[in-house]
Structure formats: structure tokens, C-alpha cells
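Participant: Sharing a structure with you now.
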Amino acid sequence: MSLLSYISKFRHMKNKSSIIISYLFVCCLAVAPSCKKNDPVYPDAPKRVYTVAKVPDGTVTFTNSATGKKNTTGVARVYLNQLYASDVTVSFALTGTATAGVDYTPPAELSVTIPAGSWRADINIAGLNNPLQTTKKTVIITLNAATQGFEIGLGYANAYGVFTYTITP
């Protein structure tokens with residue numbers, strides 16, 4: 001049956017929107033690709049782990065409480081781009097101008113585990129009362145490696161693998 005003879009069957013419909021919807025449906029069927037034996041098979045999306053901040057540049061600022069301002073804990077969130085059935089452990093390094101134990105409390109371990117079936121886990125960095133701090137200091141979290149075959153970063157540039165905290169005096 002040709003496409004035109006099939007469409008002519010819809011002429012008895014009095015509602016114009018029904019005719020248009022039916023026509024569009026038939027046209028979509030006529031041009032839609034099918035799943036044939038020789039159709040290409042595309043690989044699964046790569047498994048990725050990344051970190052982002054709530055601000056566009058990946059920088060979060062928190063204040064040293066020794067200056068009389070409220071001390072806050074910075075949280076870097078580490079994400080998976082897809083749910084996974086097993087725990088995923090992500091190792092990271094801490095660098096920057098801030099000194100661990102003087103300007104901030106580092107995590108007990110330099111890794112974080114994203115539980116099975118979860119999208120994310122948090123890395124907490126608590127600023128310390130340092131009355132000698134007079135300039136801004138940074139804590140840079142760099143994701144190093146992940147288990148379960150996950151790669152670090154997103155996109156062709158593997159961006160979003162670094163997160164920066166700035167501790168203000």
C-alpha cells in the first residue's frame with residue numbers, strides 16, 4: 001500500500017487536528033530508520049567521574065573564623081555521569097597555598113567512595129581558626145583516579161577534575 005493511498009483513508013475524519021496528527025504519524029513511520037542487521041552498533045557512553053561547584057569557575061570561598069566571621073566547611077561534590085551497581089572509589093590530591101592542619105582540616109583519607117546506586121559523594125574541607133592568616137589561601141582538590149573503569153573529567157578536554165577552595169582571612 002502506498003503512502004498516499006494510506007493517507008487518503010483519513011479523509012473521512014472531520015476533525016482537522018486528527019487528520020494532521022495522523023498524517024504526521026504516518027510520515028514519521030515512512031521515514032523513520034529501522035533496526036536492521038547491518039545498522040551500526042554504537043558503544044556505551046564512557047563512564048566518567050567529575051566535580052563541579054555551584055559557581056561557574058569551580059571556586060568556592062569560605063571564611064576563617066579567627067577574624068570574627070562564621071567559619072564554614074567547604075564541600076566539593078564528586079559525581080558519576082551514570083548510576084553504577086558497585087561502589088566507586090575516587091582518589092584525589094590536595095594542593096594549594098593553604099597549609100593542612102593550620103588553615104584547614106583535610107579529610108582523613110584522600111579518597112571518597114560513591115555508594116552503589118548513588119550519583120555522588122562529598123569531600124569536606126573545614127577551615128580552621130588561624131589568627132595569623134592575612135591573605136587569601138587556596139585548597140585545590142584534583143581528582144586522580146577512580147575504580148570500576150570510570151575516567152576522570154568530562155568532555156573532550158576532560159574538564160571538571162579540579163575544584164578550588166579559597167579561604168579568606
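Participant: Search the range 60-89 for residues that are over 13 Å from G117 (Cα atoms) and at pLDDT below 55 and pair each with any residue that is part of a loop (DSSP other than H, G, I, E, B) and among the hydrophobic types (A, V, I, L, M, F, W, C) when their beta-carbon atoms are under 6 Å apart and the residues are at least 6 apart or on different chains.
Facilitator: V60/A53
Participant: Can you pull out the strands (runs of 3 or more DSSP E) entirely within the range 98-169 that have at least 3 residues that are over 18 Å from the mean Cα position of the chain (by Cα)?
Facilitator: Qualifying strands (runs of 3 or more DSSP E): 120-127, 137-146, 162-168.
The values are calculated or read from the model by the stated rules, or taken from the named source; none is laboratory data. Everything numeric in this text was worked out from a predicted model, so none of it was measured. When we count neighbours, we look across all protein chains shown, and the Cβ atoms used for this are built from the backbone with ideal geometry, even at glycine.
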